Amino acid sequence: HMKEEILIGAFFDSRCNFLGDTIISKGSVNFAYVSPREIFRHAFDYEAVLLVILHNHPSGDPFPSEDDRQITYRIEKGARILELQLVDHIIIGDKTYYSFKENGQIN
């Protein structure tokens, strides 16, 4: 029920043990700036191997925008280069969610 978009990174070790999470970005009613660099910086701070990113859509509709799809692709590609794995990108809506992993959009 947030009025602005918030992007959170959740970080895990190679055995899927939760290491911590942090707010990466706070935005406006329909946009939160996402820097893959900031996500990866936090992943390295936690000494993480696996990461999940989550953000909300204040509209309540969790269906991803084209920007959501593009940033997910960029983060997934960058993570592979850095020997990290983007496990999922989850968009939270009103009593529902959208998982890029469950919808076959993350390898």
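The values are calculated or read from the model by the stated rules, or taken from the named source; none is laboratory data. These numbers were taken from a predicted model, which means no experiment stands behind them. Heads up, the Cβs are rebuilt from the backbone with ideal geometry, glycines too, and the neighbour counts pull from every protein chain shown. SASA here: full protein model, heavy atoms, side chains in, ligands and nucleic acids out. Shrake-Rupley method; radii C 1.70, N 1.55, O 1.52, S 1.80 Å.
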>> I'm checking my understanding of the structure. Among residues of the stretch 36-45 that are at pLDDT below 95 and in contact with a helix residue (DSSP H, G or I) (Cβ under 9 Å, 6 or more places away or on another chain), which one is most open to solvent (accessible area, probe 1.4 Å)?
In response: 37
> What number of residues within the stretch 47-65 satisfy the criterion of being touching a residue at least 24 places away in the same chain (Cβ under 8 Å) and assigned to a loop (DSSP other than H, G, I, E, B)?
Replying inline: 11
> Taking the stretch 74-105, which residues are part of a loop (DSSP other than H, G, I, E, B), at negative phi and either over 11 Å from the mean Cα position of the chain (by Cα) or exposed (fewer than 12 other Cβ atoms within 10 Å of the Cβ) (or both)?
Replying inline: 82, 84, 93, 94, 96, 101, 102, 103, 105
> Looking at the stretch 1-22, which of the residues that are modelled with pLDDT under 95 and more than 11 Å from residue 52 (Cα to Cα) is surrounded by the fewest Cβ atoms within 10 Å (Cβ to Cβ)?
Replying inline: 1
> Among (1) at pLDDT below 95; (2) open to solvent by less than 70 Å² (accessible area, probe 1.4 Å); (3) in a loop (DSSP other than H, G, I, E, B), where does residue 68 come up short?
Replying inline: (3)
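The rows are residues; the columns are (1) small (Gly, Ala, Ser); (2) open to solvent by less than 50 Å² (accessible area, probe 1.4 Å).
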residue: 33; (1), (2): no, no
residue: 47; (1), (2): no, no
residue: 52; (1), (2): no, yes
residue: 60; (1), (2): yes, yes
> Of the numbered conditions (1) in contact with a strand residue (DSSP E or B) (Cβ under 6 Å, 6 or more places away or on another chain); (2) open to solvent by less than 90 Å² (accessible area, probe 1.4 Å); (3) of a type outside the set (Val, Ile, Thr), residue 26 satisfies every one except a single condition; which is it?
Replying inline: (2)
> Of all residues in the stretch 81-97, how many are more than 18 Å from residue 16 (Cβ to Cβ) and among the charged types (D, E, K, R)?
Replying inline: 2
> Among the residues of the stretch 19-30, is there at least one that is of a type outside the set (Ser, Thr, Tyr) and within 19 Å of residue 105 (Cα to Cα)?
Replying inline: no
